[in-house]
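Data block below; observations after.
The values are calculated or read from the model by the stated rules, or taken from the named source; none is laboratory data. Everything quoted here is computed from the prediction, not taken from an experiment. Cβ atoms come from the backbone with ideal geometry, glycine included; neighbour counts cover every protein chain shown.
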Amino acid sequence: MEEVRRWSAPTRGLHSLMLLMFIAMYVLAELMDWTHGASKGEVVEIHKSIGVLIFLLAFVRLGWNVTHAGPQPIGTPQQAKLAKGVHHLLYLLMILMPITGYVMSQLHGKAVDVFGLWTLPTLIAPNPGLKELSENIHSALGTVILIVVGGHAAMALYHHFMLKDDTLRRMFRG
Ligand code: HEM
Ligand code: HEM
């Protein structure tokens, strides 16, 4: 079988789209602290809506990549294993993070409305006693994602500028 050397256009498109969505999520999270009243409500609603899209797109992306194998990571078998482990962890975080946001909103007794078009079902009763814990979990996971994505991006740049291989180009330029 011929070795796959490049990532497909849908994988590259979804990777860049998700990257932009993650940046938007952190900008919106920061904006929540700078806004009040109705404006804050709007910022939170956009944050929740994009978060739900990230959750759904993670499955689209996973489904596509499972059925359309991408190239193997460049490097020694150990480096390749580490890179793959980090990719799996990133998928887990793309799915877990929105779930913690959803659980938090339900515990607060707040509906999750996706761009005013679709209201997610209420599965958990409001519980003010767990409010702070759920906020702390969402916030801590937000920091974990920053660290993991930071390491992932740093490795991609190391491949590009130090090892001068094709790793970064084949994900961003096709
Ligand atoms: C990948 C997706 C997500 C990321 C990266 C993300 C990230 C964050 C971050 C960094 C914060 C600020 C935490 C802090 O103040 O320390 C935050 C707050 C918040 N997020 Fe998310 N979030 C995501 C998905 C969601 C989803 C799907 C929901 C709801 C359905 C949600 C609801 C909220 C709410 C309500 C807050 C404000 C919490 C508060 O009152 O302090 N998030 N998010
Ligand atoms: C500046 C930010 C980023 C850079 C420079 C970057 C770079 C790359 C590169 C070069 C690859 C291909 C690796 C290879 O060919 O061996 C890759 C793959 C991957 N990246 Fe990123 N990435 C970034 C952000 C993100 C974010 C935010 C996520 C998700 C939270 C993510 C998740 C993944 C996953 C899961 C793969 C494996 C391929 C796939 O399943 O789509 N990356 N990344």
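Name the residue that is modelled with the lowest pLDDT, counting only residues in the stretch 129-150 that are touching a Leu at 6+ places or on another chain (Cβ under 8 Å) and more than 16 Å from M94 (Cβ to Cβ).
Going through the qualifying residues, I end up with K131.
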message: Tell me whether the stretch 101-108 contains one or more residues that are surrounded by fewer than 16 Cβ atoms within 10 Å (Cβ to Cβ) and in a helix (DSSP H, G or I).
response: no
message: What are the pairs with Cβ atoms under 9 angstrom where one residue, in the stretch 3-16, is within 14 Å of T167 (Cα to Cα) and assigned to a loop (DSSP other than H, G, I, E, B) and the other, located anywhere, is at pLDDT below 90 and more than 9 Å from ligand 2 (Cβ to nearest atom)? Sequence gap at least six, or different chains.
response: R6/G174; W7/G174; S8/G174
- request: Taking only the stretch 14-39 into account, find how many residues are more than 14 Å from the chain's Cα centre (by Cα) and under 14 Å from V60 (Cα atoms).
  value: 0
message: With the requirement that a residue be among the hydroxyl-bearing types (S, T, Y) and touching a helix residue (DSSP H, G or I) at 6+ places or on another chain (Cβ under 6 Å), what does the stretch 12-43 give you?
response: T35
- request: Go through (1) within 11 Å of ligand 2 (Cβ to nearest atom); (2) over 24 Å from Y158 (Cα atoms) one by one and return the number of the condition L90 breaks.
  value: (2)
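Residue by residue through the stretch 95-115, note down the ones that are within 22 Å of the chain's Cα centre (by Cα) and more than 16 Å from ligand 2 (Cβ to nearest atom).
Restricting attention to the stretch 95-115, the residues satisfying the condition of being within 22 Å of the chain's Cα centre (by Cα) are 95-106, 111-115.
Across the stretch 95-115, the qualifying residues are Y102, V103, M104, S105, Q106, A111, V112, D113, V114, F115.
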statement: Of (1) within 21 Å of the chain's Cα centre (by Cα); (2) more than 9 Å from ligand 2 (Cβ to nearest atom), P121 satisfies every one except (1)
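Matching residues to (1) surrounded by fewer than 16 Cβ atoms within 10 Å (Cβ to Cβ); (2) among the aromatic types (F, W, Y); (3) near ligand 2 (Cβ under 8 Å from one of its atoms):
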{"site": "V4", "(1), (2), (3)": "yes, no, no"}
{"site": "A9", "(1), (2), (3)": "yes, no, no"}
{"site": "M18", "(1), (2), (3)": "no, no, yes"}
{"site": "F22", "(1), (2), (3)": "no, yes, yes"}
{"site": "V44", "(1), (2), (3)": "no, no, no"}
{"site": "N65", "(1), (2), (3)": "no, no, yes"}
field: Close pairs from the stretch 39-54: first under 10 Å from V112 (Cα atoms), partner surrounded by 19 or more Cβ atoms within 10 Å (Cβ to Cβ) and of a type in the set (S, T, Y), Cβ under 7 Å, at least 6 apart
entry: K48/S105
